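The values are calculated or read from the model by the stated rules, or taken from the named source; none is laboratory data. Computed from a prediction, not measured in an experiment: that's the story for all the values here. Note: ideal-geometry Cβ built from the backbone for every residue, glycine included; neighbour counts use all protein chains shown. For accessibility, only protein heavy atoms count, side chains too; no ligands or nucleic acids. Shrake-Rupley method; radii C 1.70, N 1.55, O 1.52, S 1.80 Å.
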Amino acid sequence: MKFVAKKNKKISALQEKKGISPPATTDSKAVSRLKDRRKKQPSTAHLIEGVLKGNITALSRAITLIESNNPKHLNMANVIIEACLPFANSSVRIGITGVPGVGKSTFIESFGMHLTALNKKVAVLAVDPSSTITKGSILGDKTRMEDLVKNKNAFIRPSASGNTLGGVARKTRETIIVCEAAGFDTILIETVGVGQSETTVHSMVDFFLLLKLSGAGDELQGIKRGIIEMADAIVINKADGHNINPANLAKVEFNRALHLYPEKASKWQPRVSLCSALHNDGIDSIWEMVLAYIELTKANNYFENNRNEQNKYWLLQTIEAQLKLDFFNRDRVKSELENQLRRIENQETTPFAAAEVLLKLK
Ligand code: GDP
């Protein structure tokens, strides 16, 4: 040991003489590696501080932890979310849906730019269950959000990937909390009309906006009744050029259709609006509509009640998902499930008797 130390000292002296800086010793290398790692993985306290100051890097890192499936990361994420909760809840959450090609990205770009010009801080999130395969197919194409991406008052995050819509949704709900704590006062959540994703987004927003196209007969076909029922606004996009007349006709049709639905619990009468996301036409009146909705629903307490109801719903959803996961992860259940499936195939048991056997397993 002594010999090595003596030798190192000698080498350092020699190098100093020659003007060469000494090579990093094993110790200092380890220290710098540790420093690097610390730089890569800031502590939760550091992240919380950053998020609350509105630091975008800290916010992105916090969301990455939320999206991770690593139990250690999930623990860190839970600590961050808990610290953010007192500062959350103060935004307006808007869901935006519509078929691919209707102009969601283009609309979010125009709407987002309009809002930031009004000094709003806009976070754009997405719920896309198909992102499990495509790793974020919506919002993936940021070319249509060219200006918003560069805007310092906007934050765009593609959909989390997950095995289930429920998983993606939970992560998005937690992401909303950290975004709000970071000072984002308007949250736009994009979704594409796949399966249940619209219902899921509807259950996490204050205002639900459905983008439609005129013509193509889609006011008569392919309208999922449930979606129209959920919408607080139907916005007919691409109302420009030759499309202006058909768009006006579609507006009349939708208005007529909307009057056939029963009154909403919010007491809000859904409106039909025209816009051209590409040419920035009609964007301002859509925001004014959202403001009118907020004014009404805050005055009649629906706004707050709805958020409470959503929280209760998500509590039950989370419990359900966790119970299911715990159950199917049990080793005895895994092996017995195979056995019972085989017995069903051989008609030796019924699904109900098999379920009873499985549910009794510890
Ligand atoms: P998304 O799939 O719903 O996100 O749709 P995009 O925003 O990617 O738009 C699909 C296409 O429609 C693009 O070529 C856009 O330029 C075009 N588009 C979007 N909004 C408008 C609009 O208001 N008017 C016209 N004429 N084209 C539009």
### Message
Taking 0.36 nm per residue of sequence separation and subtracting the Cα-Cα distance, how much length would be gained by fully extending the chain between S285 and L323, in nm to one decimal?
### Response
9.2 nm
### Query
Taking a probe of 1.4 angstrom, what is the accessible area of I66 in Å², to the nearest 10?
0
### Message
Can you give me the solvent accessible area of T199 with a 1.4 Å probe, rounded to the nearest 10 Å²?
### Response
60
### Query
Given H placed 1.01 Å from N in the peptide plane, which residues other than close sequence neighbours of I156 have an amide H under 5 Å from its amide H?
V124
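Exceeding 28 Å between C-alpha atoms, which entries from my cross-link table qualify? They are K150/K298; K72/K360; K104/K264; K264/K312; K120/K238.
With Cα atoms farther than 28 Å apart: K150/K298; K72/K360.
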## Note on the structure
Each label sits 7 Å from Cα toward the beta-carbon; between L260 and I56 the label points are separated, in nm, by 4.6
### Message
If you count only protein heavy atoms with a 1.4 Å probe, what accessible area per residue comes out for the range 40-87, rounded to a whole Å²?
### Response
57
### Table column - 3J(HN,Hα) (Hz), the range 46-58, Karplus curve with 6.51, -1.76, 1.60, x for Gly and Pro
5, 5, 4, 4, x, 4, 5, 8, x, 6, 5, 5, 4
### Message
Under 5 Å between amide hydrogens, which residues at least 5 positions from V235 or on another chain qualify, with H placed 1.01 Å from N in the peptide plane?
### Response
L210, L211, K212, S273
### Query
Regarding the range 312-359, what whole-number volume in Å³ per residue does the convex hull of its Cα atoms give?
73
#### Entry: Within the range 236-331: Cβ-based charge dipole about Cα centre, in debye rounded to nearest 20 (Lys, Arg +1; Asp, Glu -1)
220
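Could you order K53, K362 so the one with the most accessible surface comes first? Probe is 1.4 Å.
From most exposed to least exposed: K362, K53.
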### Message
Check which residues have an amide H placed less than 5 Å from R93's amide H, if you skip close sequence neighbours.
### Response
I187, D206, F207
### Task
Run the accessible area of the range 312-359 with a 1.4 Å probe and give the carbon-and-sulfur part as a rounded percent.
58
### Query
For the range 165-207, which whole-number percentage of the solvent-accessible area (1.4 Å probe, protein heavy atoms only) is attributable to carbon and sulfur atoms?
56
### Task
Please report, in debye to the nearest 20, how large the charge dipole of the range 312-359 is about its Cα centre when each Lys and Arg carries +1 at its beta carbon and each Asp and Glu carries -1 there.
160
### Query
Taking only C-alpha pairs under 8 Å that are 6+ residues apart, what is the relative contact order of the range 40-87 in percent?
35
